[in-house]
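All remarks here apply to the structure that follows.
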Amino acid sequence: MITNADLTLYSYNNGAYTRRVIKGVLWEECQQSNTIKTGLVNADKVSVYIPFGNYGKLDFTTSKDIIIRGIVDVEVDTSSQQTISQSLKELFKLGAFTVTVADFKDQGSKKMWHYELGAK
């Protein structure tokens, strides 16, 4: 698999976020916008492909996990709901996306296995 980026994954588990750097992924970003009655809506989306051989079994929580392109050193402060919210706002200002789809593709040889993430 051709790779073009690293990413930072913020995995949600039991009310807390764990930061993990994943190197060597294919990151495809599409910037769009939609116009609806109430105005312009951002419809940006990202597709990410993570080779299975690099990391083995990964678990994702759709609608909770957050990804951001590159290696980001920001930790999510989980001491209260307010600090979690502030940390997440900071991540989204840096260009973070929420994982909406997470599929494990295990067709073909093991070298072809990968995770396919969709995010908005």
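For this structure, a couple of remarks:
- In the set (1) within 21 Å of Asn4 (Cβ to Cβ); (2) hydrophobic (A, V, I, L, M, F, W, C); (3) surrounded by 14 or more Cβ atoms within 10 Å (Cβ to Cβ), Leu88 fails one condition alone, (1).
- Cβ-Cβ distances below 6 Å connect the following pairs, each with a first residue in region 44-68 that is among the polar types (S, T, N, Q), a second residue that is surrounded by fewer than 13 Cβ atoms within 10 Å (Cβ to Cβ), and a separation of six or more residues or different chains: Ser47/Glu28.
- Residue selected from region 28-71 under the condition among the hydroxyl-bearing types (Ser, Thr, Tyr), outside any loop (DSSP other than H, G, I, E, B) and under 28 Å from Met112 (Cβ atoms), by the criterion modelled with the lowest pLDDT: Tyr55
- Residue list for region 42-73, restricted to those being buried (at least 16 other Cβ atoms within 10 Å of the Cβ) and under 12 Å from Thr18 (Cα atoms): Phe60, Asp65, Ile66, Ile67
- When region 60-90 is filtered for residues that are acidic (Asp, Glu) and touching a strand residue (DSSP E or B) at 6+ places or on another chain (Cβ under 7 Å), the ones remaining, listed by number, are Asp65, Glu75.
The values are calculated or read from the model by the stated rules, or taken from the named source; none is laboratory data. Quick caveat: nothing in here was measured; it's all calculated off a predicted structure. We place every Cβ from the backbone using ideal geometry, glycine too, and count neighbours over all the protein chains shown.
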